[in-house]
Structures are given as C-alpha cells and as structure tokens.
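For reference, the structure is listed below as structure tokens.
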Amino acid sequence: MAFNRNIALVSTVTRSHLPFARTMFQSMRCFYPGMRMFLVLVDEPVGDCSCGDVTVIPVRKLGIPGLDGMINRYTNTELCVSLKPHAMRHVLATGFDGVIYLDNDIYALSPFAELEEIVNAGKGIVLTPHLNRCEGRTCYKELELLKYGTFNLGFAYFSGGKESIDLLNWWSDWLEEYAMEDPTLDVFGDQKWLNLLPGFTNDLCILRHDGYNVAYWNIRHRKVEIINDRWFSNSVPLRFFHFSCIKLEEPCALKKPPQEYREEDLGDIPALLEVYRGKLLANGYERHIGLPMLLRKKPLERKDLREA
C-alpha cells in the first residue's frame, strides 16, 4: 500500500539540531522516495543549513505576526514545538492534501502502512498516544502523563480539509502565548492542548499500533528486537523510534533516570542506538550541537528543561 493522496512531510529545527533533522529525513526517504519534504529552520540561515533534497524554510518566511514575542518568551525547544501548527499550515497552503509532522529526533524503520490506510480512508487528523495500554497504580508514568498530555506530538497528521485547518488555526493561536514546557503549569508545550481534540471533532483517529512512537516512556510495554535485519516492536513492524532528549555524550544516551525503564525493557534498543549514533555523527552532530540560536538577540533567563 502507499498514500493515494498528495502527502508531504515537515519538521522544525534550530541550527544546533540540524543533524537530527538530516537523519530523520534520510530515514523517511528510504521508504517514501517521492514524498515532498520541508524543514522550518527556527534560526537564522547562517552557515551550513542544508538538508539534502529537503526544502528548508527560514522561520521568518512563515510570516507569523507574533514571532518576535515568541522568540523572547520561549526556550529553543518551546519555540520549535509552538511552531508545529504554523509549519503544517504553511505546507498545506501550497496545495497538499495532507501533511505529516515528525520531530527531528525520530528515526523511521519501515513504511507507515497503518497510517497510509487511515489517510487513504479519508481521516483528517491522526495522533499517537504516549501509552496504548493501562497498568494501574504500579505504573507511575500514568500519573505523570496527566502533566504532559495524552498524545505525544512528535508525530501528527493533519489533512487540508476545512475542519483540520480550523483546528490548526485554533492550536497555533493558543501556542503563541501558552507553550511553556513546565509541568508545574497547566500546559506543557504544544501537547496538552490536543487533549481537547476528542471533544472537538469526529475526524480524529488515535493510532495505537505498537510500532509507532516507541520511546523511553513506553518501552516497558514495547519489546524492541531485530529479526533477520528487520525491526519489530511486540512482534509487529517497528515504524519509528523516537529518540526524545537523547544525549550522545552521556553513558545512557536515552537521557532519562533509571525509574523511566528497566534494563530488561531495553531489548535490542542499544543496537539501534548505535546505528542512530553513527547516522548523527555522519550528519555533523559534533559540528552543530553547540551552535547558538541566532534569532534571539538577548539571553533567555528561563532554563530549557530539555537541556537541563
């Protein structure tokens, strides 16, 4: 199966994380060689900002009236996530039937067959939950996710239909001022806003397949393994792994404290991590990772929790 509609892919990135974006797009290009791909550069286009055959769009080209205020208000991470609906809306406005958003720290491992089926059937919005099964009070992660949101928005699909565009407009409007990544607040970046979507629309599909959005927060429930050079999660094809908050310089590159997962939960993830590490290094990780974000003219007093 393949998409029977004109679908594009978009992401957002600062210069420091361009190697992540290059790696993500290269992984998707393996399975979607003809797909148009776009990258919103949340930075000044200084130095090597290339991304292969991906169309790079400096963020100021989006024409966002409140952008300067967002730059002064948000950390780098918050700014990138707050611009997701703007990026998707910009791509849709060029004539595509739908757009997939992927965070730059995602690595695709097989075609998105289930998403293709959902999109081809005409669904307007597709999201993936952080967790797709309950564990009860023995799993503190369920309590924690009440702070961070039901859906992980490293992945999202929106069609170009009127209802989807209206919801992108609604989402982008709120994110102009309310995209702080602070679990002590009632919002957390872009994510918690979309907890409201099931009440707003019947055009939402929640994709619960075990192969999508596998990450440190759900590997307790997803056994990752490689069999005959193919990657699986709980014996179904692994579609993409989300290397959220990865730090290659640290011994535990997944960068989360031990209570997030157990050693026995890792399966073949260390082998996948080494593959990913090699791709990042080949794409300029060491040259880019320390680059400052040049859009901001004065230092931000608030700390980026992702960089803590």
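Under the criterion of Cα pairs below 8 Å and six or more residues apart, the relative contact order for the range 87-230 equals 31 percent. Between Asn169 and Val236, the contour length at 0.36 nm per residue exceeds the Cα-Cα span by 20.6 nm.
Semi-axis lengths, largest first, of the ellipsoid equivalent to the range 6-115 are 23, 16, 12 Å, with √(5λ) applied to each eigenvalue of the Cα gyration tensor. Among the protein heavy atoms of the chain, carbon and sulfur supply 52% of the accessible surface, probe 1.4 Å, non-protein parts ignored.
Ignoring aspartates and glutamates fewer than eight residues from Lys303 along the same chain, the ones with Cα atoms less than 16 angstrom from its Cα are Glu78, Glu181, Asp182.
What does the charge dipole of the range 143-190 about its Cα centre add up to, to the nearest 20 debye, if the Cβ of each Lys and Arg holds +1 and the Cβ of each Asp and Glu holds -1?
Working: 2 positive and 10 negative charges, 47 e Å.
My answer is approximately 220 debye.
About the centre of its Cα atoms, the chain shows a dipole size close to 300 debye [charges on the beta carbon of Lys, Arg (+1) and Asp, Glu (-1) only; nearest 20 debye].
With only the Cα atoms considered, the chain has a convex hull volume of 134 Å³ per residue.
Within the range 143-228, the proportion of C-alpha pairs whose separation exceeds 20 Å stands at 44%.
Only bridges whose two residues both fall in the chain count here: according to DSSP, what percent of them are antiparallel, nearest 5? Percentage antiparallel, nearest 5: 50. In this structure the chain gives 44 Å² per residue of accessible area when probed at 1.4 Å with all protein chains present. Dipole of the chain computed with +1 at Lys/Arg Cβ and -1 at Asp/Glu Cβ about the Cα centre; of Leu280, Val224, Ile269, farthest Cα towards the positive end is Leu280. Just list whichever of Lys162/Lys279; Lys247/Lys297; Lys141/Lys247; Lys61/Lys141; Lys84/Lys147 have alpha carbons separated by over 32 Å in the model shown. Table pairs above 32 Å Cα-Cα are Lys162/Lys279; Lys61/Lys141. Each principal axis of the Cα cloud of the range 143-289 was taken in turn, and the coordinate range along them, longest first, works out to 43, 33, 33 Å. Can you send over the solvent-accessible area of Glu114, 1.4 Å probe, protein chains only, in Å² to the nearest 10? Here the residue's solvent-accessible area equals roughly 40 Å². Note on Asn228 and Glu286: the extension gain reaches 17.7 nm, defined as 0.36 nm multiplied by sequence separation minus the Cα-Cα distance. Potential lengthening of the chain between Ala113 and Arg296 amounts to 61.9 nm, from the contour at 0.36 nm per residue minus the alpha-carbon distance. Using C-alpha pairs under 8 Å with a sequence gap of at least 6, the mean separation divided by the residue count of the range 17-133 gives a relative contact order of 32 percent.
The values are calculated or read from the model by the stated rules, or taken from the named source; none is laboratory data. The structure displayed is predicted, hence computed values, not measured ones. Positions of Cβ are backbone-derived with ideal geometry, glycine not excepted, and every protein chain shown enters the neighbour counts. Quick note on the areas: whole protein, heavy atoms, side chains included, nothing else; ligands and nucleic acids left out. Shrake-Rupley method; radii C 1.70, N 1.55, O 1.52, S 1.80 Å.
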